[in-house]
1. Within a 10 angstrom radius of the beta carbon, how do 240, 466, 142, 176 rank from fewest other beta carbons to most?
2. Please list the non-local residues whose amide H lies under 5 Å from the amide H of residue 261, H modeled 1.01 Å from N, same-chain partners needing a gap of 5 or more.
3. Which three extents, in whole angstrom, do the alpha-carbon atoms of segment 89-176 cover along their principal axes, largest first?
4. How large is ³J(HN,Hα) for each residue in segment 161-178, as worked out from phi by the Karplus curve 6.51 cos²θ - 1.76 cosθ + 1.60 (θ = phi - 60°), to whole Hz, x for Gly and Pro?
5. Quick one: which residues, 5 or more positions from residue 455 or on another chain, have an amide H under 5 Å from its amide H? H modelled 1.01 Å from N in the peptide plane, none for Pro or chain starts.
6. Which cross-chain or sequence-distant (5 or more) residues have an amide H under 5 Å from the amide H of residue 210, H modelled 1.01 Å from N in plane?
7. For segment 182-314, what number of Lys pairs, 8 or more residues apart or on separate chains, have alpha-carbon atoms under 23 Å from each other?
8. Across segment 307-322, in residue order, what do the Karplus-derived ³J(HN,Hα) couplings come to in whole Hz, using 6.51 cos²θ - 1.76 cosθ + 1.60 with θ = phi - 60° and x for Gly and Pro?
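Computed from the coordinates by the stated procedures, all read-outs in this text should not be read as laboratory data. Since we're looking at a predicted model, the values are computed, not measured. Note that we place each Cβ from the backbone using ideal geometry, even for glycine, and neighbour counts take in every protein chain shown.
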Amino acid sequence: MADPTNAPTLLQAREDLKNKKYSALELTESCLRRMDAVEDRVQAYLHISREQAIEQAKAADERIARGDDAPLLGVPLAIKDNICTQGLPSTCASKILGQFKSPYNATSVDRALKAGAVILGKTNLDEFAMGSTTENSGIHPTRNPWDLERVPGGSSGGSAAAVAAKECVAALGSDTGGSIRQPASFCGVTGLKPTYGRVSRFGLVAFASSLDQIGPMTQTVDDAAVLMNVIGGKDPLDSTSADVPMPDFTQALNRNVKGMKVGIPREYFTEGIDPEVETAVQNAIKTLQSLGMETVEVSLPHTKYAVATYYILACAEASANLSRYDGVKYGHRTEHAGNLMEMYENSREEGFGEEVKRRIILGTFVLSSGYYDAYYLKGQKARTLIKRDFEEAFKQCDVLAGPNCPLPAFKLNEKLDDPMQMYLADIYTISMNLAGIPAMSVPCGQTQGKLPVGLQLMAPHFQEETLFTVGKQFQLATDFHKQFPTL
């Protein structure tokens, strides 16, 4: 049997496993060997579940031998560490959760396991998914496989780096304000933030409940479609999961884009965007035109309020969601407390990192008496205006296209002391979370320094099929998604 030395794409792996080119066990062992070779430099994972992965791979081989044809059968996946995985640490990269092991699986993990996936381990993130670089991890930073001195993006930086470094076939991430798309862009992989409610949030540790969404991080658009088919759909365990029909997303991959209209938001090409990023994205738009798509200029006038709106609403929800970490039921409990109040205070002081504390304080402030109307209520109104911007824009086009981030991956520690600069790096991604629409990042070029750049595609609510159609045709016309770093 052939040895799958470099993690194949998900579709390729399924084909090879079906044709007995190699076994699920050999594929899993190949990924584990790859981790042994590069993980000490990349540091994409927080926990590697070697023994469990080997057991799951053996079970997958037995299912394959019986003629089972489940969509992820024998495919090694990595799971972001804010997605609960039974029996494995689920720590959100925070000291306050210590070595907490989840007693149950998130619905997305459950569905992946039923579809035959092999879980390799849990990937690193900014603590509680709060950050854009994975430097805010309470455990260790992850490095960008394209340049180990640079950030992989965040908060799903571990998942993006693991896919780019071929330490897994595909991964699950989560996206609250760009946390799938921005690291996908920085690491040169494909990442999809589905429509809010398309994928169950049951078992996703809450940061901002009205914004969070789980999605696939893969080598190709095809792979993302296969993974979405598995994890998407209504879930009775999540009251916010939408009861809308689940299409077969792989059917959208073969459609033509000729005659479709792509909207170019003028607010996404203003001063502050890196010239090399702008060039790569503009060239990608020309590629879409060459495929027969028609471009129209559109306006998203309330984009300038997106960062402020997001940080008011997300922090408000975070302050409420993170109040449960009190040192009482699970996770870190201080050893320095004379009474109950001191135990609460010291447990939280010792357990949370600086960025998480900053957001809890900000969120508590905007919800406090006397400031609620001035900030939180105003933020909700601005959110409605941002959502309406997209509704108006989609009256003129089928899909929107623009950059994911104003700049390529920057150096580790470069923006760590300036949270405002870090927040502004999310300017092009957070509006989609506020509006609840789906958005995808596909690799569309590289800077002169060989750093990847991603094209962001956006579609109306529950129109992921449009993203798969356009993304697939773009990848048929380009080969940026086939380029991987040499570690």
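1. Lowest to highest Cβ neighbour count: 240, 466, 176, 142.
2. Those qualifying (amide H under 5 Å, at least 5 residues apart or on another chain) are 294, 398, 399.
3. For segment 89-176, the Cα spread along each principal axis is 38, 30, 22 Å.
4. Going residue by residue, I get 5, 5, 5, 5, 7, 6, 8, 6, 7, 7, 8, 9, x, 9, 9, 10, x, x Hz, with x marking Gly and Pro.
5. So residue 455 has HN proximity to 442, 444.
6. none
7. Lysine pair count for segment 182-314: 5.
8. For segment 307-322, the Karplus-derived couplings read 4, 5, 4, 4, 6, 6, 6, 5, 5, 4, 5, 5, 5, 6, 5, 8 Hz, x marking Gly and Pro.
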